[in-house]
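Presented below is the structure to which this report refers.
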Amino acid sequence: MRCANSLYGKDILDISALTLADIELIFQTAGIMKRRLKQKIKKSSYLKGKAIINLFCEPSTRTRTSFELAGKYLGADVINFTTSASSLLKGESFRDTLLTLQSMHCDAVVLRHPVEGAAQFAARTLTPVVINAGDGAHAHPTQALLDLFTLREKGLKLSGLKMVIVGDILHSRVARSNIALWKKYGADIHVCGPATLLARDIESLGVTVHERIEDALEGAAVINVLRIQLERQQKGMFPSAREYAQLFEMNEQRLKLARPDAVIIHPGPINRGLEIAWQTAYGNQTAILQQVENGVAVRMALLALTLNGDLDENFD
């Protein structure tokens, strides 16, 4: 039986707007979706007749592809829309672009944009559901959800666990969304990176700040390694890539400081040899490819819940 739920028709803009009940519903549904993905025939007709537009104003491999597959696996019609092939390059305003897409009677817009607050603006402008696929350095709620879903699959319960985020926190929407989500579950969150890559207000989010990665990693259960976002940085954030790697690279030697069963996650793409060593990135304690797989399941869950309703294990 299909029925309305707490997320039906709701925009997914940031973690703070989701209740624990919302999150548990997403995870329950994602579990059903992941089982469907492992079947011989993955495609369902659950969102047949729905139209989804992926509006990506920044490059993306994992997020855009997983949203596209998520929509198609559920039977929706999916259109990928990029800035480089749009009238935005001709001077059309962002608002006019949004209203143009709405006039084509789409049901959802999945938006990635380089400016903080773009998703909130789109939600105020549009009638269709808006899902934030990353806005500037502000938020990336679906990445945080798939990260926690992955950790839950590993059997981790966050309450009281030491969770460490290492790297370019200043420019990281992933860090902000993960902090917000992990705090909801009572985690003990620590952050570490060069002083120039730590947001000034980061401690106000209820985290512990470390200058040395070794101090941060001591006894850690989860290590969230962040990509160094060279495209968002000005020169001088750190002296050189070599010096950054010497001081903050996640490698096998530093991994020994964490718990023996510590899990490493990374949002991708990876700068191997800069924020994480090659051997460590391919090691047994990383869940990077599992995160990618779960990204499809979690995004299928969000599209199903916001555009249609609840479903059972035998949904079609």
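The values are calculated or read from the model by the stated rules, or taken from the named source; none is laboratory data. What you are looking at is a predicted structure, and each value in this text was computed from that prediction instead of being measured. Here Cβ is always computed from backbone atoms with ideal geometry, including for glycine, and neighbour counts include all displayed protein chains. These area figures cover heavy atoms from the full protein model, side chains too; ligands, DNA and RNA do not enter into them. Shrake-Rupley method; radii C 1.70, N 1.55, O 1.52, S 1.80 Å.
Identify the residue in the stretch 194-215 that is farther than 20 Å from Leu247 by Cβ and of a type outside the set (A, V, I, L, M, F, W, C) and, among all such residues, is least open to solvent (accessible area, probe 1.4 Å).
Ranking the candidates gives Gly206 first.
Considering every residue within the stretch 55-78, establish whether at least one is among the hydroxyl-bearing types (Ser, Thr, Tyr), open to solvent by 70 Å² or more (accessible area, probe 1.4 Å) and touching a residue at least 40 places away in the same chain (Cβ under 8 Å).
Within the stretch 55-78, one or more residues are among the hydroxyl-bearing types (Ser, Thr, Tyr), open to solvent by 70 Å² or more (accessible area, probe 1.4 Å) and touching a residue at least 40 places away in the same chain (Cβ under 8 Å).
Among the residues that make up the stretch 228-241, is at least one of them at pLDDT 95 or above and either open to solvent by 40 Å² or more (accessible area, probe 1.4 Å) or farther than 19 Å from Arg64 by Cβ (or both)?
no
Tell me, which residue of the stretch 95-119 that is in a helix (DSSP H, G or I), open to solvent by 40 Å² or more (accessible area, probe 1.4 Å) and not basic (Lys, Arg) is farthest from Met300 (Cα to Cα)?
Asp96
From (1) out of contact with any Ser or Thr (no Cβ under 6 Å at 6 or more places or on another chain); (2) at pLDDT 95 or above; (3) open to solvent by 10 Å² or more (accessible area, probe 1.4 Å); (4) small (Gly, Ala, Ser), pick out the condition that doesn't hold for Ala175.
Condition (3) is where Ala175 drops out.
Which condition number does Val296 fail, the rest of (1) of a type outside the set (Asp, Glu); (2) part of a loop (DSSP other than H, G, I, E, B); (3) in contact (Cβ under 8 Å) with a residue 40 or more places away in the chain; (4) open to solvent by less than 50 Å² (accessible area, probe 1.4 Å) being met?
Looking at each condition in turn, Val296 falls short on (2).
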